[in-house]
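One structure below.
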């Protein structure tokens, strides 16, 4: 069975602090994909990153960085120098390379991040 | 930049009524999905659709739900007899053959069942 766990329900930081959002996943697939999505108060889902299971290289995009550790089944997301506009719910998701034409996403419960001025 | 669109943005209906939620996926995409998010909860997979048939459906997607691609552009989700617990945000997503693991999401339709 596939599962995504985001243990942090809510995080509150002060602007300019760094914050790390944790994501732990479970899957029996040897090939799989991990994602992070942002859901601002307006409700839409904003794609942030996709990482496949063969690519453990960490990625940095501006103030965002992602740490993929296959050994611990984790795909953590760090925001450096957080800003008020980063306030949102962040979802980690998993997609398996199963047979057929389905690439459904399995979602974590989300972490609600509040960045206070 | 191409995007997935959904209509309406908000639908209010009475319990027992039928609703149809509409989605226009990105034009060259071949894989289509519906997800649901009950307020304050996680996003849940409902159904995937490829080559004019359902690829997979979750346990949520019971006989009250159906999907259709009536023409070359629209992808619809029908709920035959809505229940109070169907109140949620419904997201449509699509992906291409080339990048099938990157799903592009629409802005969602908020369904309120009274």
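Report those strands (runs of 3 or more DSSP E) wholly inside segment A:74-117 carrying at least 3 residues which are at pLDDT 95 or above, within 14 Å of another protein chain (Cβ to nearest Cβ) and buried (at least 22 other Cβ atoms within 10 Å of the Cβ). Quick ask: steps written out before the conclusion?
On the way: elements: A:74-79, A:88-96, A:111-116.
Result: A:88-96.
If you scan segment B:47-72, which residues turn out to be closer than 18 Å to residue B:37 by Cβ, part of a strand (DSSP E or B) and more than 9 Å from every other protein chain (Cβ to nearest Cβ)?
The answer is B:57, B:65, B:67.
Could you pull out the residue among A:56, A:44 that is assigned to a loop (DSSP other than H, G, I, E, B) and farther than 23 Å from residue B:40 by Cβ? So that I can check it myself, show each step before the final result.
Working: A:44 fails: farther than 23 Å from residue B:40 by Cβ.
Only one candidate passes the filter, namely A:56.
Scan segment A:5-39 for residues that are closer than 13 Å to residue A:90 by Cα and under 11 Å from the mean Cα position of the chain (by Cα) and jot them down.
A:5, A:6, A:20, A:21, A:22, A:23, A:35, A:36, A:37, A:38
Can you find, within segment B:47-62, the residue that is farthest from the chain's Cα centre (by Cα) among those that are touching a residue at least 12 places away in the same chain (Cβ under 8 Å) and exposed (fewer than 11 other Cβ atoms within 10 Å of the Cβ)?
So the residue we want is B:51.
Report whether or not residue B:39 is closer than 14 Å to residue B:110 by Cβ, touching a residue at least 24 places away in the same chain (Cβ under 8 Å) and within 14 Å of chain A (Cβ to nearest Cβ).
Values: closer than 14 Å to residue B:110 by Cβ: yes; touching a residue at least 24 places away in the same chain (Cβ under 8 Å): yes; within 14 Å of chain A (Cβ to nearest Cβ): yes.
So residue B:39 fits the description; yes.
Yes/no matrix, rows are residues, columns are (1) out of contact with any strand residue (DSSP E or B) (no Cβ under 6 Å at 6 or more places or on another chain); (2) under 22 Å from residue A:36 (Cα atoms):
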site: B:39; (1), (2): yes, yes
site: B:49; (1), (2): no, no
site: B:52; (1), (2): yes, no
site: B:68; (1), (2): no, no
site: B:71; (1), (2): yes, no
site: B:93; (1), (2): no, yes
site: B:102; (1), (2): no, yes
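Among the residues of segment A:59-72 satisfying the criterion of being without any contact (Cβ under 8 Å) to a residue 12 or more places away in the chain and not in a strand (DSSP E or B), which is surrounded by the fewest Cβ atoms within 10 Å (Cβ to Cβ)?
Looking at residues that are without any contact (Cβ under 8 Å) to a residue 12 or more places away in the chain and not in a strand (DSSP E or B), I get A:71.
The values are calculated or read from the model by the stated rules, or taken from the named source; none is laboratory data. All figures in this text were calculated on a predicted structure; none of them were measured in a lab. So basically every Cβ, Gly included, is an ideal-geometry build from the backbone, and we count neighbours across all protein chains shown.
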